[in-house]
Ligand SMILES: Cc1cc2nc3c(=O)[nH]c(=O)nc-3n(C[C@H](O)[C@H](O)[C@H](O)COP(=O)(O)O)c2cc1C
């Protein structure tokens, strides 16, 4: 039998189009507080979160997204008609999403510290997704091109000593419309044993434990 933790980890799915029902911000703060028990390996926790929860805040977010795409010519190869459709699709989803989080992490200009910063904040984001799921709130973690745009980061007052590593969009979901799980590869394809021959020595494919 699965524990509650195992069940939350394995049943969670990315929810890209949530219901527009509002989420009580107290619930979001509670999720963030608990998610912050993620591991980290810097002096202080490396993450920061900027929250959009009202229509006006989401409109500003969207304006910054489109300005970033314009500045960086992200949609330059598309026809005007296609660009219009993309923008409408963004508006439809974004302006109906109850809560969006812009998650940034510290940059130290040091290979190891920067890796640790991104790793820590990634575990923090996964904690958010799991804690949200437990409350019937779905999440999508997005890494659209605007997260790499410094001017987009500046538009939210996020310090230049940080980089955005994702946006996380939250909303309640219909339990009857949870997407099918994306297939996971069997263990035998991706776990190996330490082997002095320097080969990636995998486990037997016909062993039940590794299927
Ligand atoms: C680092 C990272 C970036 C992601 N970026 C996007 C994204 O930009 N757009 C999107 O629709 N999903 C994004 N996802 C969600 C993945 O597509 C999703 O987790 C994957 O398809 C597996 O599905 P599941 O989360 O339902 O198990 C991202 C996930 C991760 C971990």
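The values are calculated or read from the model by the stated rules, or taken from the named source; none is laboratory data. Keep in mind it's a predicted model, so treat the numbers as computed, not measured. Glycine gets a Cβ as well: all are built from the backbone with ideal geometry, and neighbour counts include every protein chain shown.
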Residues (part of a strand (DSSP E or B), touching a helix residue (DSSP H, G or I) at 6+ places or on another chain (Cβ under 7 Å) and more than 30 Å from residue 49 (Cα to Cα)) located in region 156-211:
202
Show the residue pairs meeting these rules: Cβ distance below 6 Å; 6+ apart or different chains; first residue within region 140-155 and within 18 Å of residue 126 (Cα to Cα) and at pLDDT 95 or above; second residue part of a helix (DSSP H, G or I) and near the ligand (Cβ under 10 Å from one of its atoms).
141/125
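One line per residue, one yes/no per condition, for (1) surrounded by fewer than 14 Cβ atoms within 10 Å (Cβ to Cβ); (2) away from the ligand (no atom under 16 Å from the Cβ):
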| site | (1), (2) |
| --- | --- |
| 3 | yes, yes |
| 18 | no, no |
| 38 | no, no |
| 43 | yes, yes |
| 52 | no, yes |
| 60 | no, yes |
| 66 | no, yes |
| 79 | yes, yes |
How do the helices (runs of 4 or more DSSP H) wholly within region 1-111 filter down when requiring 3 or more residues that are in contact (Cβ under 8 Å) with a residue 40 or more places away in the chain and either within 18 Å of residue 122 (Cβ to Cβ) or in contact with a helix residue (DSSP H, G or I) (Cβ under 7 Å, 6 or more places away or on another chain) (or both): which remain?
25-35, 55-71
Out of curiosity, is residue 133 at negative phi, within 14 Å of the ligand (Cβ to nearest atom), touching a strand residue (DSSP E or B) at 6+ places or on another chain (Cβ under 6 Å) and assigned by TED's automatic domain parsing to the domain that holds residue 16?
no
Qualifying residue in region 189-203 (condition: surrounded by 12 or more Cβ atoms within 10 Å (Cβ to Cβ) and within 11 Å of the ligand (Cβ to nearest atom))
no
Restricting to region 144-165, give me the number of residues that are buried (at least 20 other Cβ atoms within 10 Å of the Cβ) and within 14 Å of the ligand (Cβ to nearest atom).
3
